[in-house]
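Undergrad: Let me begin by handing over the structure; questions about it come next.
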Amino acid sequence: MGKFNQMLEEKVMPVAARIAGQKHLQALRDGIILTMPLIIIGSIFLILGFLPIDGYPEFMARTFGDQWSTKLLYPVSASFDIMALIAGFGIAYRLAEHYKVDALNAGAISVAAFILATPYFTMFTPEGAKEAIQVTGVLPMAYLGSKGLFVAMIIAILSTEIYRFIIQKNIVIKMPDGVPPSVSRSFVALFPAFLVILVVWLLRLLIENTSFETLHNVVGQLLQEPLSALGGSLIGALIAVFLVQLLWSTGLHGASIVGGVMGPIWLAQTDANRVALQAGQELPNVVTQQFFDIFIYLGGSGATISFALMMLFMAKSQQSKQLGRLAIGPGIFNINEPITFGAPIVMNPLLIIPFILTPLVLVITTYIGMSTGFAPRTAGVAVPWTTPPIIGGYLATGGNIRGALMQVINLVVAFAIYYPFFRMWDKQNLKQEQSTGN
Amino acid sequence: MMNILLCCAAGMSTSLLVTKMEAAAKAEGFEAKIWAVSASEVNQHLDQADVLLVGPQVRYLLPQLKKKGAEKGIPVDAINPVHYGRCNGEEVLKFARSLIGS
């Protein structure tokens, strides 16, 4: 174990540190967080708009009028549908902070650059007409939401890199003699932002001359769609979960490291389901952020809530019982560091086996459940990852009891996998206690 | 009065430790302000701290955070995983005090 341990410290740690500390990935992660409170608030209205209860829409229509749903969903447009706009600002802000240049300015410039990369028209087919007509003077709402998320991410990084580069290079415009210094300074201050706008403007003009027409189409077809197909597949989910568990097995926060890369992809996947729900279409994606947070990581990474329950109710050794009492409270809210570091699971070959195996099996059961229609797919509702199991499954699927049922099934599966390992571990603890006379 | 800042990925599991450390500080009659934040919030809180303790699960951030701490003269170190797992407030408080040298 010593050599293995050393290998991990020397090989895995630096890689994890590089990924987690990479300034652009860090800015992406920290910037996108800015959208979360808004999306969670929007989710409350979303759930109320689509409660799958018989007679609910009719009741609402009778009570609040035919337009009830449209009006109830206003806040959804002001949260979910401007996700890219907010994220773009946040990412630029965090990146600028890292470079120690004016973050608020960088954020504002990034928003302007993002709008500049977005078409100012939308296509609309009037009733009875055969062909769509172009409506100008609008910003297509879809591009400001998850559909434009990757464009916002790229623009935020591009614009902030240009901005800080010019500032840090201290490029100065020479003004003729006689111009007061503060006047020349005020012109110089405009230069970095001007250059950002100039670059994105030229980019837009260039792309408008290609068959892509907009930057959103370029990024959507070349980046967002392939990445979503990869990250949203069963294999993609299994690889991601395996990496998360492997990192956690060495005591590193796998979900944070892997999520730092995969987060935007899963967020876009999540929101595609929300858009479909609102449009009355079938939900396209099985693998979403909530797929992992709510259905796989029951009690935290590794689905350890079952293990915590065993410690609490079935342990023979004092040590196991004590840890169970400590772990169950946070475990209900999907926080499991007391188990991973306390049992410990970290660097413990016996417990690492179920710790890695269980979530992988749960990915498969949940994937099968959701693709066959046995369990509902997540409805784009941003349920915080700290939501207790059973409640989480109910809410994440838009208030569907079968979502909770899927979680119960997963809990039972997790219990079955952990049980034999728990027995061996508890026996070890008991033996240790007896030999030391405790 | 000592200001002890704790940090992990989301600031959730370290907040668990905060309550235990507060209890330990109270029992010893030691005055301390102890609080936990997420890794993305550390920058905004570092100025108010005398010492920064990092959860073992985010110890990959240690080099970066140590550098930031050094700029401000604030000691930064990772919490012992066993103490962390068992939520041993007493030991972690002792560790924080040893880092500051109080």
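For every residue, the table says whether it meets (1) in a helix (DSSP H, G or I); (2) modelled with pLDDT under 95; (3) surrounded by fewer than 24 Cβ atoms within 10 Å (Cβ to Cβ); (4) not polar (S, T, N, Q).
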site	(1), (2), (3), (4)
A:GLY251	no, yes, no, yes
A:SER256	yes, yes, no, no
A:GLY260	yes, yes, yes, yes
A:GLY263	yes, yes, yes, yes
A:LEU277	yes, yes, yes, yes
A:GLY280	no, yes, yes, yes
A:VAL286	no, no, yes, yes
A:ILE294	yes, no, no, yes
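Undergrad: So which of A:ALA132, A:ALA112 ends up being under 19 Å from A:ALA193 (Cβ atoms), over 21 Å from the mean Cα position of the chain (by Cα) and either among the aliphatic types (A, V, I, L, M) or more than 14 Å from chain B (Cβ to nearest Cβ) (or both)?
TA: Matching residue, one of A:ALA132, A:ALA112: A:ALA112.
Undergrad: For the subset of region B:1-22 comprising residues that are more than 27 Å from B:PRO63 (Cβ to Cβ) and either within 14 Å of another protein chain (Cβ to nearest Cβ) or of a type in the set (D, E, K, R) (or both), which member is surrounded by the most Cβ atoms within 10 Å (Cβ to Cβ)?
TA: Restricting to residues being more than 27 Å from B:PRO63 (Cβ to Cβ) and either within 14 Å of another protein chain (Cβ to nearest Cβ) or of a type in the set (D, E, K, R) (or both), the top hit is B:LYS20.
Undergrad: Here's a follow-up. Out of (1) at the interface with another protein chain (Cβ under 10 Å from one of its Cβ atoms); (2) among the small types (Gly, Ala, Ser); (3) out of contact with any Gly (no Cβ under 7 Å at 6 or more places or on another chain), what's the single condition that is false for B:ALA96?
TA: Looking at each condition in turn, B:ALA96 falls short on (1).
Undergrad: If you don't mind, there's one more thing I want to ask. I'm trying to understand the selection: among the residues of region A:38-87, which are outside any helix (DSSP H, G or I) and either free of Cβ contacts under 8 Å to residues at least 60 places away in the same chain or within 13 Å of A:ARG274 (Cβ to Cβ) (or both)?
TA: Within region A:38-87, A:PHE50, A:ASP54, A:GLY55, A:GLY65, A:ASP66, A:GLN67, A:LEU73, A:ALA78, A:SER79 meet the criteria.
Undergrad: Can A:VAL199 be described as closer than 22 Å to A:LEU116 by Cα, touching a residue at least 40 places away in the same chain (Cβ under 8 Å), touching a helix residue (DSSP H, G or I) at 6+ places or on another chain (Cβ under 7 Å) and part of a helix (DSSP H, G or I)?
TA: It is true that A:VAL199 is closer than 22 Å to A:LEU116 by Cα, touching a residue at least 40 places away in the same chain (Cβ under 8 Å), touching a helix residue (DSSP H, G or I) at 6+ places or on another chain (Cβ under 7 Å) and part of a helix (DSSP H, G or I).
Undergrad: If you don't mind, another one. Would you say A:LEU222 is modelled with pLDDT under 95 and touching a helix residue (DSSP H, G or I) at 6+ places or on another chain (Cβ under 7 Å)?
TA: Numbers: modelled with pLDDT under 95: yes; touching a helix residue (DSSP H, G or I) at 6+ places or on another chain (Cβ under 7 Å): no.
No.
Undergrad: A further question on this structure: Can you find even one residue in region B:63-73 that is crowded, with 23+ Cβ neighbours inside 10 Å and facing another protein chain (nearest Cβ under 8 Å)?
TA: No, there is no match, as no residue in region B:63-73 is crowded, with 23+ Cβ neighbours inside 10 Å and facing another protein chain (nearest Cβ under 8 Å).
Undergrad: List the helices (runs of 4 or more DSSP H) that sit entirely inside region A:331-438 and contain at least 2 residues that are touching a Phe, Trp or Tyr at 6+ places or on another chain (Cβ under 7 Å).
TA: Result: A:337-342, A:349-371, A:401-436.
Undergrad: Could you give every pair whose Cβ atoms fall below 6 Å, whose first residue belongs to region B:30-41 and is polar (S, T, N, Q), and whose second residue is assigned to a loop (DSSP other than H, G, I, E, B), counting only separations of at least 6 or pairs across chains?
TA: B:SER38/B:ALA10; B:SER38/B:GLY11
Undergrad: Here is a further query. Does region B:79-94 hold any residues that are surrounded by fewer than 19 Cβ atoms within 10 Å (Cβ to Cβ) and among the hydrophobic types (A, V, I, L, M, F, W, C), and which are they?
TA: B:VAL82
Undergrad: If the requirement is being buried (at least 17 other Cβ atoms within 10 Å of the Cβ), small (Gly, Ala, Ser) and not in a strand (DSSP E or B), which of these qualifies: A:GLY220, A:GLY178, A:GLY128?
TA: Only one candidate passes the filter, namely A:GLY220.
Undergrad: Let me ask something additional. Picking from A:PRO52, A:PRO57, A:PRO119, which residue would you name as being out of contact with any strand residue (DSSP E or B) (no Cβ under 7 Å at 6 or more places or on another chain), modelled with pLDDT under 95, within 22 Å of A:VAL151 (Cβ to Cβ) and away from chain B (no Cβ under 14 Å)? Quick ask: steps written out before the conclusion?
TA: On the way: A:PRO52 fails: within 22 Å of A:VAL151 (Cβ to Cβ); A:PRO57 fails: within 22 Å of A:VAL151 (Cβ to Cβ).
From the options A:PRO52, A:PRO57, A:PRO119, the qualifying one is A:PRO119.
Undergrad: On the basis of being buried (at least 24 other Cβ atoms within 10 Å of the Cβ), in contact (Cβ under 8 Å) with a residue 24 or more places away in the chain, within 28 Å of the chain's Cα centre (by Cα) and within 13 Å of chain B (Cβ to nearest Cβ), does A:ILE339 make the cut?
TA: yes
Undergrad: Conditions: (1) modelled with pLDDT of 90 or more; (2) under 18 Å from the mean Cα position of the chain (by Cα); (3) buried (at least 19 other Cβ atoms within 10 Å of the Cβ). A:HIS24 meets all but one. Number of the miss?
TA: Looking at each condition in turn, A:HIS24 falls short on (3).
Undergrad: I need a count of the residues in region B:24-43 that are more than 14 Å from every other protein chain (Cβ to nearest Cβ) and aliphatic (A, V, I, L, M).
TA: 5
Undergrad: If you don't mind, another one. Return the residues of region A:224-252 that are closer than 16 Å to A:PHE355 by Cα and free of Cβ contacts under 8 Å to residues at least 12 places away in the same chain; say none if nothing qualifies.
TA: Of everything in region A:224-252, just one residue is closer than 16 Å to A:PHE355 by Cα and free of Cβ contacts under 8 Å to residues at least 12 places away in the same chain, namely A:ILE239.
Undergrad: Now for a different question. Could you tell me whether A:SER211 is in a helix (DSSP H, G or I) and among the hydroxyl-bearing types (Ser, Thr, Tyr)?
TA: On the way: in a helix (DSSP H, G or I): no; among the hydroxyl-bearing types (Ser, Thr, Tyr): yes.
So A:SER211 fails the test.
The values are calculated or read from the model by the stated rules, or taken from the named source; none is laboratory data. Quick caveat: nothing in here was measured; it's all calculated off a predicted structure. So basically every Cβ, Gly included, is an ideal-geometry build from the backbone, and we count neighbours across all protein chains shown.
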